[in-house]
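Notes to accompany the following structure.
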Amino acid sequence: MSGMVPFIDLEAQRARIQAEIETAVASVLRDGRYILGPQVQELEGQLKEFSGAPEALACANGTDALMLPLLAWGIGQGDAVFVPSFTFASTAEVVPWLQASPVFVDIEPSTYNMDPDHLESAIEATLAEGRLRPAVIIAVDLFGQPANYPRLAAIAEKYGLRLISDSAQGFGCTLDDKHPVHWADAVTISFYPAKPLGCYGDGGAVLAKAKEDYTLMKSFHVHGEGAERYEYARIGMNSRLDTIQAAILLEKLKIFSDEIEARNIAALRYADGFGDLVKTPQIIDGGRSVWAQYTIEVDDRDGFRKSLADQGVPTAVYYPIPLHKQAPYAVYPVGPQGLNATENAAGRVVSLPMDGYLGGERQQRVIDAVRNALS
Ligand SMILES: *Cc1c(COP(=O)(O)O)cnc(C)c1O
């Protein structure tokens, strides 16, 4: 094998189910129900079955998926929404859209997920200051592993807050064999192509526990539609999932459990391959990751990345600049004593190739390159 190893091998998956995907897409084209065709509802049913969620609503992308429960709950001016800073922009971006304020919370250095102790002190500090009303916690299943939901849900309950799981990277992950929806009021998913369950375009979904949340979100995602077509009960948005993407996702969902298993095996091979030389990912007790990313920490990141690139192995940095350090977000509050674990991780993390088809010579090339760079 020569040339550059792929960072995420979407081609291997496509080759595996090419015939099924082509048949599924052709059937949508023949039926002509491009918007809200029957595959969309079928996918919602499958997502419920897969995750145990009582409700599921497909939508246009994982960012809108975060917006929909906030809209349903009437979040707005004066509300504080507690979010990590070590995450993709969407997690915090949706909050100022509603004139609410993100409050940035630190991560646990071992898992990179929201630190429940720091969350609690951020809530207390917000209450003491009295300017904002604590309303929602958005935890992220970063790199595919579940956040500490038992503790986060207990804090949400103690302070009367709603809990969202931003599982854009983590759909399929479990903690003690339960999906995040067991603890969260809403779980948001992205089907962006590079996510563990990706379609061939943009797509997303929200899982919910309460029927009334589902009913409101369903209305919001089609312009605030009321009981009748062209009757509007509220100001909404256009955030439907295309029928073609739903049809593709139905095929991909059939092999998803298999792929999660393969990603876990690949992660074990990495740990065996270079765990003696570098800090490999730590998973919360009882947790099972879907390995959206395989992220390690190194001292000289630039040197490490250059060495891997020279050996034909691509790397990526998620995320080099935490959100609270970026100009549009720097105006919002951070929890007490700042975000030390976040800032430390941002300077050290680097992600390696990972997907459900990683193995054999391709993975060995990565392992050899990592060993070579570090020794
Ligand atoms: C990808 C991602 C999103 C947004 O998903 P889109 O479908 O791209 O809108 C939200 N949160 C996190 C943590 C993500 O990684």
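The values are calculated or read from the model by the stated rules, or taken from the named source; none is laboratory data. Keep in mind that what you see is a predicted model, and the values were worked out from it rather than measured. With ideal geometry, Cβ positions are generated from the backbone for all residues, glycine too; neighbour counts draw on all protein chains shown.
Pairs linking a residue in the stretch 109-122 that is among the hydrophobic types (A, V, I, L, M, F, W, C) to a residue that is part of a loop (DSSP other than H, G, I, E, B), with Cβ atoms under 7 Å and 6 or more positions apart or on different chains, are Met114/Ala147; Ala122/Gly335; Ala122/Pro336. Residues in the stretch 148-194 that are surrounded by 19 or more Cβ atoms within 10 Å (Cβ to Cβ), in a strand (DSSP E or B) and more than 16 Å from the ligand (Cβ to nearest atom) were compared, and the one that is nearest to the chain's Cα centre (by Cα) is Thr174. Surrounded by fewer than 20 Cβ atoms within 10 Å (Cβ to Cβ), acidic (Asp, Glu) and more than 22 Å from the chain's Cα centre (by Cα): is that true of Glu297 in this structure? The answer is no for Glu297. The residue of the stretch 347-369 that is nearest to Val95 (Cα to Cα), among those that are buried (at least 19 other Cβ atoms within 10 Å of the Cβ), aliphatic (A, V, I, L, M) and out of contact with any strand residue (DSSP E or B) (no Cβ under 7 Å at 6 or more places or on another chain), is Leu358. Sub-6 Å Cβ pairs linking a first residue in the stretch 239-267 that is without any contact (Cβ under 8 Å) to a residue 12 or more places away in the chain to a second residue that is basic (Lys, Arg), at least 6 apart or interchain, number zero.
Go through the residues of the stretch 120-132 one by one and say whether even a single one is of a type in the set (Gly, Ala, Ser), closer than 25 Å to Asp285 by Cβ and either under 17 Å from the mean Cα position of the chain (by Cα) or not in a strand (DSSP E or B) (or both). So far as the stretch 120-132 goes, yes, one or more of its residues are of a type in the set (Gly, Ala, Ser), closer than 25 Å to Asp285 by Cβ and either under 17 Å from the mean Cα position of the chain (by Cα) or not in a strand (DSSP E or B) (or both). With respect to Glu11, determine if the residue is away from the ligand (no atom under 16 Å from the Cβ), acidic (Asp, Glu) and without any contact (Cβ under 8 Å) to a residue 60 or more places away in the chain. It is true that Glu11 is away from the ligand (no atom under 16 Å from the Cβ), acidic (Asp, Glu) and without any contact (Cβ under 8 Å) to a residue 60 or more places away in the chain. The set of residues from the stretch 199-216 being more than 16 Å from the ligand (Cβ to nearest atom) and more than 16 Å from the chain's Cα centre (by Cα) comprises Lys209, Ala210, Lys211, Glu212, Asp213, Tyr214, Thr215, Leu216. Ala53 meets all of the listed conditions (1) in a loop (DSSP other than H, G, I, E, B); (2) surrounded by 23 or more Cβ atoms within 10 Å (Cβ to Cβ); (3) within 15 Å of the ligand (Cβ to nearest atom) but one, namely (3). Of the helices (runs of 4 or more DSSP H) entirely within the stretch 220-311, those holding at least 2 residues that are modelled with pLDDT of 95 or more, β-branched (Val, Ile, Thr) and in contact with a Phe, Trp or Tyr (Cβ under 7 Å, 6 or more places away or on another chain) occupy 243-254.
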